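Enquirer: There's a structure below that I have some questions on.
Every number in this text was worked out from the coordinates using simple rules, so none of it is lab data. Because the structure is a prediction, the values reported are computed rather than measured. Cβ placement follows ideal geometry from the backbone for every residue including glycine, while neighbour counts extend to all protein chains displayed.
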Amino acid sequence: MIPAAFDYVRAGSAEEAISLIGQHGDEAKFLAGGHSLLPLMKLRLAQPTVLVDIGRVTDLSYIRDAGDHVAIGALTRHMDVENSSLLRTDVPLLAHAASHVGDPQVRHRGTIGGSIAHADPASDLPATTLALGATYVVQGPNGTREIAAGDFYQGFLTSSLAADEMLTEIRVPKMNGAGWSFQKFNRRAQDWAIVGVAAWRRNGDSGVALVNMGSTPVLAASVSSALAGGASIEDAAQQAAAEADPQADLNASVEYRTHLAKVLVKRALSEASS
């Protein structure tokens, strides 16, 4: 449980952080809250030679009304997402999902950008922002670019972020009164979800994404298509695993996860429609 030796540098701005990553190459990693990276380092599943600490880059911690969407700085802590009056009004699904991340200690240190950039399919916020149709803004030595959440997740703990790029902002469309639900089934309150569902519904539109049902967060497009085609909630929920590739582990078999996804999607859609 002791990490391999590494060097440590602290960045004062996003530009400095990107410059430092560029200097040290692929073996450097950003450190924000540390709740994703440090456990991997202790198990020596990750062995960066340099940690670039961005935890004090305060200009990336904000939640702002940006017209048709809410802009969230990547270093905004989970507790601030959870308690934001703006998000509770305009994107309540995201604020509620943030309240389910880990425990209070994790939520006071972990950041939304760290969770998304880590790209863990068992995390709550990547799937939630995927369901909401979020856009991620990343910055690198050649400037900034926008990546749709649906194009961001490439594989297990792998995203379309380049080695010298940094996630700086999450742009989440306002829900405009849509019904919503977040369902999470786990053994204990602070555990990873065995299966989770983030869902919203408004008139004929909907978005449904699954937690821990594949190597990436899963957008359950077949569920939304079924609803748009006039299917009942029960029938649409049967399509929950159509895009998924669940894996067996100590907590659940493939069959159990598949069944659970259908049950939770049905519950989520029923709550979002009430």
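Enquirer: What list do you get for Thr111, Thr144 if you sort them by fewest beta carbons within 10 Å?
Expert: Taking fewest neighbouring Cβ atoms as first place, the list is Thr144, Thr111.
Enquirer: Work out the FRET efficiency for Arg202 and Phe156 from their Cβ-Cβ distance, taking R0 = 35 Å, and round it to the nearest 0.05.
Expert: The computed FRET efficiency comes out at 0.65.
Enquirer: Quick one: if the Förster radius is 35 Å, what FRET efficiency do Arg145 and Ile2 give, using the C-beta to C-beta distance and rounding to 0.05?
Expert: 0.40
Enquirer: Take the Cα gyration tensor of the range 1-131, multiply each eigenvalue by 5, square-root it, and list the three semi-axes largest first, rounded to whole angstrom.
Expert: Three semi-axes, in Å: 27, 17, 12.
Enquirer: Name the shape class, rounded, prolate or oblate, that the alpha-carbon gyration tensor gives for the range 139-274, where a ≥ b ≥ c are the square roots of its eigenvalues, rounded holds for a/c under 1.5, and otherwise prolate holds if a/b is larger than b/c and oblate otherwise.
Expert: Oblate, because a/c is 1.5 or more while a/b does not exceed b/c.
Enquirer: Same structure, new question: If I take all pairs of Cα atoms in the range 58-173, what percentage of them are more than 24 Å from each other?
Expert: 17
Enquirer: As a footprinting exposure proxy, order Leu75, Leu38 by other Cβ within 10 Å, with the fewest listed first.
Expert: Leu38, Leu75
Enquirer: With a ≥ b ≥ c taken as the square roots of the eigenvalues of the C-alpha gyration tensor of the range 7-53, please select rounded if a/c is under 1.5 and otherwise prolate if a/b is larger than b/c or oblate if it is not?
Expert: oblate
Enquirer: Calculate for the chain the 222 nm mean residue ellipticity that helices alone would give, adding -39,500 (n - 2.57) per DSSP H run of length 4 or more and normalising by residue count, nearest 500 deg cm²/dmol.
Expert: Calculated at 222 nm, the ellipticity per residue is -9000 deg cm²/dmol.
Enquirer: Which number gives the lysine pairs in the chain that have C-alpha atoms under 23 Å apart and are eight or more places apart or on different chains?
Expert: 4
Enquirer: Would you mind getting the Kirkwood hydrodynamic radius of the chain from its Cα pairs, rounded to one decimal in Å?
Expert: 18.9
Enquirer: Something else about it: Which of Ile233, Ile72 has the fewest other C-beta atoms within 10 Å, and how do the rest follow up to the most?
Expert: Ile233, Ile72
Enquirer: Say the dipole of the range 127-274 comes from +1 at the beta carbon of Lys and Arg and -1 at that of Asp and Glu; which of Trp180, Ala209, Pro141 then lies farthest toward its positive end?
Expert: Trp180
Enquirer: Under unit Cβ charges (Lys, Arg +1; Asp, Glu -1), what dipole magnitude, rounded to 20 debye, does the chain have relative to its Cα centre?
Expert: 720
Enquirer: Can you give me the Cα centroid spacing of the range 126-192 and the range 223-253 in angstrom?
Expert: With the range 126-192 and the range 223-253 each reduced to a Cα centre, they are spaced 21 Å.
Enquirer: Right, next: Which one, Ala32, Ile21, Val9, is farthest towards the positive end of the dipole of the range 7-53 when Lys and Arg carry +1 and Asp and Glu -1 on their Cβ?
Expert: Ala32
Enquirer: Also, I was wondering about something else. To the nearest 20 debye, what charge dipole does the range 1-122 have about its Cα centre, counting +1 at the Cβ of each Lys and Arg and -1 at the Cβ of each Asp and Glu?
Expert: Using Cβ point charges on Lys, Arg, Asp and Glu, the range 1-122 gives about 400 debye.
Enquirer: With both bridge residues required to lie in the chain, what share of the DSSP beta bridges run antiparallel, to the nearest 5%?
Expert: 85
Enquirer: So for the chain, averaging the separation of alpha carbon pairs under 8 Å that are six or more residues apart and normalising by length, what relative contact order in percent results?
Expert: 15
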